[in-house]
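The values are calculated or read from the model by the stated rules, or taken from the named source; none is laboratory data. Small disclaimer: the values here were computed from a predicted structure and weren't measured. Ideal geometry is used to build each Cβ from the backbone, glycine not excepted, and the neighbour counts take in all protein chains shown. Just so you know, the surface numbers come from the protein's heavy atoms only, side chains and all, with ligands and any DNA or RNA stripped out. Shrake-Rupley method; radii C 1.70, N 1.55, O 1.52, S 1.80 Å.
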Amino acid sequence: MNIVVSALLAVAMQATPAQQYVGTSPWGEDDEIGRLNMMTPESQAAVMANIDARNVYDLSVEYFVGMPSWQAAGDPHYQFWMTHTPRGAVVDDVLGMGEEVNQHVSYSGSAVSMYTHTGTHIDAFSHFGLDGEIYNHFNADEHLGDKGWQRSGAETIPPLVARGVLIDLPKAKGLDMLPDNYRVTVADIKQALEQQRVKLQAGDVVLLRTGRMQNYEQAAQFMANSPGLGMAAATYLAEEGEAMIIGADNLSFEAFPSEVEGNYVPVHTYLLTQLGVPIMELVNLEELAAAEVYEFAFVGGSLKLRGADAAPLRPLAFPFKTSTTETNED
């Protein structure tokens with residue numbers, strides 16, 4: 001374990017997750033990316049040197065009108081509309097090209113509107129905080145303006161290149177999908193990892209499959225009573241597993257109702273606010289799971305939405321030529 005991560009975990013262990021606090025970054029008072037600092041040019045090069053680029057798995061969902069989205073707090077649904085159409089261009093002639101040119105050049109244009117936490121996305125540390133502060137003690141009074149967060153906005157998230165690990169929870173239980181409202185435990189994670197013959201390594205992007213993505217086209221079913229991560233399991237992945245990022249295929253990431261009194265999203269604040277571990281949601285893991293690809297190079301880039309508390313993400317998975325678990329055991 002490197003010195004920086006050891007220092008981070010030492011701070012974390014001073015209080016249980018229920019004793020919530022705002023984490024101080026071991027990477028300095030100006031740090032805005034937390035555990036993403038675990039990526040280095042050397043670690044990224046090592047990951048990419050081991051890939052089999054003949055197979056690429058797309059881990060993102062499609063965006064469409066009527067898609068599942070977080071709606072409980074009244075946030076806007078995904079909307080799509082045409083701003084220009086071939087026939088409309090002829091009628092409106094907005095560019096003053098004349099009918100003959102508009103008949104010849106078919107012009108289409110479109111626009112979208114959505115909540116930043118819609119579809120496959122990554123949460124920035126500004127998404128949740130405690131008592132007005134976010135990770136590394138940036139605060140709403142000093143660092144949040146009318147144009148968004150001036151610290152730890154989504155634009156600070158670097159390109160992501162790291163070892164990825166899929167934990168297929170329902171398969172380990174002989175299920176197609178975890179039951180409604182199921183709270184993922186440490187035992188569940190250990191069981192799946194053992195069956196997959198995979199070990200977690202410091203700096204991993206850990207992705208949890210609940211199977212919920214099979215209902216993605218049926219928005220009401222996908223959104224209702226989702227299974228999710230419990231506090232103990234989150235603690236295990238973040239502290240013992242030393243995960244750099246934790247993601248899942250469901251909408252809410254964590255299970256409800258909350259296990260911590262006075263905090264309705266304790267897993268979110270524990271990872272984002274206390275430890276500086278980014279969260280990914282609505283990661284499409286079905287194809288990866290069907291192929292039984294449990295270790296891979298995770299490559300992703302999120303939109304650099306300045307001041308935003310989340311951003312859409314298009315992640316890709318490249319299988320490894322050789323298992324890094326087996327390599328590290330040799």
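Summary table below
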quantity	calculated
Exclusive hit being part of a loop (DSSP other than H, G, I, E, B) and either open to solvent by 40 Å² or more (accessible area, probe 1.4 Å) or not β-branched (Val, Ile, Thr) (or both), set 208, 178	178
Which numbered condition residue 257 fails, given (1) touching a residue at least 12 places away in the same chain (Cβ under 8 Å); (2) more than 13 Å from the chain's Cα centre (by Cα); (3) open to solvent by 10 Å² or more (accessible area, probe 1.4 Å)	(1)
Count - residues of the range 273-302 that are under 14 Å from residue 203 (Cα atoms), of a type in the set (A, V, I, L, M, F, W, C) and more than 15 Å from the chain's Cα centre (by Cα)	3
The listed residue being open to solvent by less than 50 Å² (accessible area, probe 1.4 Å), more than 20 Å from residue 121 (Cβ to Cβ) and within 21 Å of the chain's Cα centre (by Cα), out of 192, 202, 219, 172	192
The range 65-93, residues that are assigned to a loop (DSSP other than H, G, I, E, B), hydrophobic (A, V, I, L, M, F, W, C), open to solvent by 50 Å² or more (accessible area, probe 1.4 Å) and closer than 18 Å to residue 111 by Cβ	65
In the range 229-251, the residues that are surrounded by 24 or more Cβ atoms within 10 Å (Cβ to Cβ) and among the small types (Gly, Ala, Ser)	233, 234, 238, 243, 247, 248
Which listed residue, of 119, 28, 96, is open to solvent by 50 Å² or more (accessible area, probe 1.4 Å) and either part of a loop (DSSP other than H, G, I, E, B) or closer than 22 Å to residue 202 by Cβ (or both)	96
